[in-house]
1. Please state which of the following conditions Ile7 fails to meet, knowing it meets all the rest: (1) among the aliphatic types (A, V, I, L, M); (2) open to solvent by 60 Å² or more (accessible area, probe 1.4 Å); (3) within 27 Å of Glu145 (Cβ to Cβ); (4) over 13 Å from the mean Cα position of the chain (by Cα).
2. Filter the range 137-158 down to residues that are over 15 Å from Ala45 (Cα atoms), polar (S, T, N, Q) and modelled with pLDDT of 95 or more, then give me how many there are.
3. Among Ile99, Ile124, Ile43, which is the only one that is in contact (Cβ under 8 Å) with a residue 12 or more places away in the chain, open to solvent by less than 30 Å² (accessible area, probe 1.4 Å) and not aromatic (Phe, Trp, Tyr)?
4. Please work out which one of (1) under 20 Å from Ala98 (Cα atoms); (2) without any contact (Cβ under 8 Å) to a residue 40 or more places away in the chain; (3) not charged (D, E, K, R) is the condition Gln61 fails and give its number.
5. Please give the number of the condition Gly143 fails out of (1) more than 21 Å from Leu18 (Cβ to Cβ); (2) open to solvent by less than 70 Å² (accessible area, probe 1.4 Å); (3) over 17 Å from the mean Cα position of the chain (by Cα).
6. Every residue in the range 14-28 that is open to solvent by 30 Å² or more (accessible area, probe 1.4 Å) and of a type outside the set (Gly, Ala, Ser), please.
7. Checking Val82 against (1) within 21 Å of Trp21 (Cβ to Cβ); (2) free of Cβ contacts under 8 Å to residues at least 60 places away in the same chain; (3) more than 15 Å from the chain's Cα centre (by Cα), only one condition comes out false. Which one?
8. Hey, can you tell me all the residues within the range 1-40 that are of a type in the set (Gly, Ala, Ser) and touching a residue at least 40 places away in the same chain (Cβ under 8 Å)?
Amino acid sequence: MKIRTGIGYDVHQLKEGLPLWLGGIEVPHTKGLVGHSDADVLIHAICDALLGAAALGDIGQHFPDTDPAYKGIDSKVLLKNVCRLLDERGYTIGNVDAILCMQKPKVASYIPAMRQTLADTMGISIDDISVKATTTEHLGFEGREEGVSAIASVLINS
């Protein structure tokens with residue numbers, strides 16, 4: 001068995017009046033994330049981690065923001081496509097560990113739904129997905145509520 005790891009990182013700007021998609025669910029808030037797709041920063045970080053673990057490049061190579069086909073797309077569709085690419089190459093997902101970095105809103109109560117949505121989207125057990133959230137204690141762009149970042153670490157095997 002071959003075991004590989006990957007790390008993903010993504011950032012999106014917050015803007016008033018947009019929907020806030022995190023981990024495949026809409027979180028109520030006055031601000032949402034700006035992006036070509038639905039800007040789900042958590043799913044994008046997971047996609048990059050999975051693609052990196054399989055040495056398949058990054059999310060921008062597979063789903064470029066210059067392609068109108070991806071305008072406003074649900075990031076769960078992107079994640080399903082990434083999982084399909086892994087499956088075609090004989091990889092299975094061992095686990096996902098991810099962190100959301102944002103000041104507001106507090107998302108702890110939404111994490112179980114995010115985990116279930118991610119598990120359903122990837123076709124793996126909820127027990128193989130960890131999502132955590134942290135503030136930056138009002139420091140940096142996350143602390144000033146200008147944006148949200150996410151970091152993901154994954155293990156895949158073949």
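1. So the condition that Ile7 fails would be (4).
2. Total meeting the criteria: 1.
3. Numbers: Ile99 fails: open to solvent by less than 30 Å² (accessible area, probe 1.4 Å); Ile124 fails: open to solvent by less than 30 Å² (accessible area, probe 1.4 Å).
Every option except Ile43 fails the conditions.
4. (1)
5. If we test Gly143 against (1) more than 21 Å from Leu18 (Cβ to Cβ); (2) open to solvent by less than 70 Å² (accessible area, probe 1.4 Å); (3) over 17 Å from the mean Cα position of the chain (by Cα), just (1) comes out false.
6. Listed by number, the residues that qualify are Lys15, Glu16, Leu18, Pro19, Trp21, Glu26, Pro28.
7. Every listed condition holds for Val82 apart from (3).
8. Those that are of a type in the set (Gly, Ala, Ser) and touching a residue at least 40 places away in the same chain (Cβ under 8 Å): Gly6, Gly8, Gly23, Gly24, Ser37.
The values are calculated or read from the model by the stated rules, or taken from the named source; none is laboratory data. Worth saying up front: this structure is predicted, and the values here are computed from it rather than measured. FYI the Cβ positions are ideal-geometry reconstructions off the backbone, even for glycines, and counts take in every protein chain you see. Accessible surface areas use protein heavy atoms only, side chains included; no ligands, DNA or RNA. Shrake-Rupley method; radii C 1.70, N 1.55, O 1.52, S 1.80 Å.
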